[in-house]
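The structure appears right after this line, and notes come after that.
No lab work stands behind these numbers, since they all come straight from the coordinates. Source: prediction; values computed, not measured. Cβ: placed from backbone, ideal geometry, glycine included. Neighbour counts: every protein chain shown.
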Amino acid sequence: MRMIFPQGEGNGMPIRDGGAARLLIDGRLEEAERTFGSSDPATGEVLGEAPDATVADAGRAVAAARRAFDETGWATDRDLRVRCLEQFHRALVEHQEELRDLLIAEAGAPRMLTHGAQLDEPLDLVSYYASLLRDHPLTEDLGYAEYQGQRHHRWVEKEAAGVVAAITPYNFPVQLALVKLAPALAAGCTVVLKGAPDTPLVTLALGRLLAEHTDVPAGVVNVLTSSRVEVGAALTTHPEVDVVSFTGSSATGRGILSAAGGTIKRVRLELGGKSALIMLDDADLRAVSMNAAFGICLHAGQACALNSRLLVPRARHDEVVERVARYLGKVAYGDPRDPKTYMGPLISERQREKVDGMVRRAVDEGAKLVTGGEKVDPGFFYTPTLLSGVDPDSEIAQEEVFGPVLAVIPYDGEDDAVRIANNSAYGLSGAVYGADDERCLAIARRIRTGTYSVNGGNYFFSDTPFGGFKQSGIGREKGVSGLEDFLEIKTFGVVAPA
Ligand code: NAD
């Protein structure tokens with residue numbers, strides 16, 4: 001098997017050399033004039049250098065994607081696209097262990113999590129879209145209609161939406177790249193993927209696999225990494241980009257929506273969340289407490305759909321807090337390479353400072369720090385943190401923390417629980433626990449959010465749509481809707497022969 005990451009001397013880490021970390025522009029793997037360092041958040045040590053693309057590089061990538069879209073058969077050759085997606089899937093599987101090592105090192109993803117949502121599960125997205133594409137109807141016959149004495153045949157054809165700028169965050173760098181790349185390529189779009197500056201090496205590895213192991217024509221996929229915000233920003237205003245598919249913070253998403261408005265791009269946004277887990281009065285205390293505690297520590301809280309608010313009946317507040325604190329104390333955190341580690345580090349010192357600042361301000365606003373709230377060195381670790389008696393209008397209950405910090409909020413009656421859950425600018429996810437599924441579902445239907453779990457039910461698969469209400473985003477990824485988001489609808493009318 002060919003190695004995509006030549007190993008560094010002695011430390012076994014991927015390094016930048018002639019082939020390790022290069023941009024992909026117009027089918028060529030390229031160095032950049034400058035590089036920037038990528039580091040291991042579990043140790044703070046530099047892992048390697050990544051090419052620091054410029055706005056001019058972004059322009060070349062968009063030109064290549066435009067040319068590939070307009071001048072090759074990519075957008076119309078369904079068989080070629082199925083074949084390329086299957087090749088890409090095979091390459092990902094062949095190099096899965098190298099990708100795993102890189103994800104662990106660069107994103108601080110615990111090995112355990114790479115066997116789920118960080119790596120093993122998202123690879124399935126590529127084969128899912130390859131098989132969906134084989135059979136998905138791209139036409140819809142609307143039949144005949146009479147108009148001014150003639151019969152008119154009407155139908156719809158769906159075609160690729162064009163050049164896509166795919167911009168991703170750091171927290172699940174493989175999953176969030178594949179959830180855009182796979183459906184965009186299936187639809188016949190061409191793509192410029194710009195990864196997050198905190199996780200460039202793993203993003204570039206995807207480009208290299210596409211370039212070296214698939215028949216994807218030059219320019220169809222371009223991959224950029226950069227330390228400069230202007231590079232992503234340039235993609236969102238470039239007149240030759242048709243679609244912006246962005247995952248990241250709501251603050252950045254807001255800016256992108258207005259930047260892309262100048263050229264009326266199709267904008268798909270997957271943004272932040274502040275989801276609420278509602279514990280009903282007859283819920284199983286153990287199930288709720290375990291789910292809340294281990295849930296908030298998944299990837300050290302750096303996941304958009306986590307339930308970071310726990311809503312409990314006021315009468316049960318103290319017993320829930322005591323039990324959740326006990327489970328938080330059992331969360332194994334530390335070296336993400338250790339298979340027994342459940343929680344790794346935060347991505348950077350900057351993120352750790354942000355999380356710590358929010359915890360301090362929550363206490364200033366009246367919440368009680370039950371456990372956690374400590375930085376652990378070396379690396380950017382932050383201990384599992386529980387805040388009780390939280391005011392639903394306070395910053396910690398309203399703003400996304402992106403750290404292992406759970407806010408417990410007491411409520412008085414079901415209507416109050418629903419009101420507090422909906423008291424948020426976000427609407428990404430949520431959960432309810434109770435003895436009766438029907439009662440739980442009645443609550444779930446009142447929450448304005450894009451995904452919902454009842455009594456621990458999982459809604460997160462390749463074929464299940466994912467996305468947000470309100471300021472959590474626009475559009476849906478995964479499933480059939482993920483493909484439809486990269487298609488345009490063209491409607492035909494032809495006068496039928498008399
Ligand atoms: P971020 O918004 O800081 O950055 C995301 C990406 O946008 C990066 O590649 C960044 O370089 C780029 N970017 C920054 N400014 C830009 C600009 N002006 N124009 C174009 N691109 C720009 O997010 P982050 O800190 O990397 O990730 C964390 C955020 O992502 C959290 O808010 C989280 O909720 C969100 N997220 C959402 C989902 C979802 O599916 N809804 C999934 C994962 C993460």
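Legend: translational diffusion of region 275-461 by Stokes-Einstein, Rh = Kirkwood radius over C-alpha pairs, 25 °C, 0.890 mPa s; D = 150 µm²/s.
For the chain, averaging the sequence separation of C-alpha pairs within contact (under 8 Å, six or more residues apart) and dividing by the residue count gives a relative contact order of 18 percent. To test your reading of the geometry: what angle, between 0 and 90 degrees and rounded to tens, separates the Cα axis of helix 250-261 from the longest principal axis of the chain? Long axis of 250-261 versus the principal axis of the chain: about 20 degrees. Each residue of region 100-108 is assigned a 3J(HN,Hα), and the resulting list reads 4, 4, 5, 4, 4, 6, 8, 9, x Hz, derived from the Karplus form 6.51 cos²θ - 1.76 cosθ + 1.60 (θ = phi - 60°), x at Gly and Pro.
Ranked by the mean number of other Cβ atoms within 10 Å per residue, highest first, peptides 336-343, 406-413 order as 406-413, 336-343. Across region 155-290, the relative contact order, built from alpha-carbon pairs under 8 Å that are at least six residues apart, equals 25 percent.
Each residue of region 156-164 was assigned a 3J(HN,Hα) from its phi angle through the Karplus expression (A = 6.51, B = -1.76, C = 1.60, θ = phi - 60°), giving 10, 10, 9, 10, 4, 6, x, 8, 10 Hz with x at Gly and Pro. 3J(HN,Hα) along region 338-350: 6, x, 8, 6, 8, 10, x, x, 6, 6, 7, 5, 4 Hz, from the Karplus curve 6.51 cos²θ - 1.76 cosθ + 1.60 with θ = phi - 60°, whole Hz, x for Gly and Pro. Distant-in-sequence amide contacts of residue 39, defined by a placed amide H-H separation under 5 Å and a gap of 5 or more residues or a different chain, comprise 47. For residue 411, the residues 5 or more places off, or on other chains, whose built amide H falls under 5 Å of its own are 312, 314.
On a 22 Å Cα-Cα criterion, which of the cross-link pairs 354/478; 194/470; 470/490; 274/470 come out too long? Where the Cα-Cα span goes over 22 Å, the pairs concerned are 354/478; 194/470; 470/490.
Expressed as a rounded percentage, what relative contact order does region 275-461 have, with Cα pairs under 8 Å and six or more residues apart?
Once normalised by length, the contact order is 27 percent.
Close amide H partners of residue 431, meaning residues 5 or more places away or on another chain with modelled amide H under 5 Å apart, are 276, 277, 278, 453. The angle between the Cα long axis of helix 55-71 and the main principal axis of the chain comes to about 50°, on a 0 to 90 degree scale.
If you filter region 375-482 for trypsin sites (Lys or Arg not before Pro), then keep DSSP loop positions with at most 16 other Cβ within 10 Å, what is left? Here the sparse-neighbourhood loop sites are 445, 446, 448.
What shape does region 394-486 take by its C-alpha gyration tensor, where a ≥ b ≥ c are the square roots of the eigenvalues and a/c under 1.5 counts as rounded, a/b above b/c as prolate, and the rest as oblate?
Note, shape of region 394-486 comes out oblate.
Here is how the number arises for the chain: DSSP H runs of 4 or more residues each give -39500 (n - 2.57), the sum is divided by the residue count, and the result at 222 nm is -11500 deg cm²/dmol. Over all distinct Cα-Cα pairs of the chain, the Kirkwood formula returns a hydrodynamic radius of 23.6 Å. To the nearest ten degrees, helix 285-296 and the longest principal axis of the Cα atoms of the chain are 50 degrees apart.
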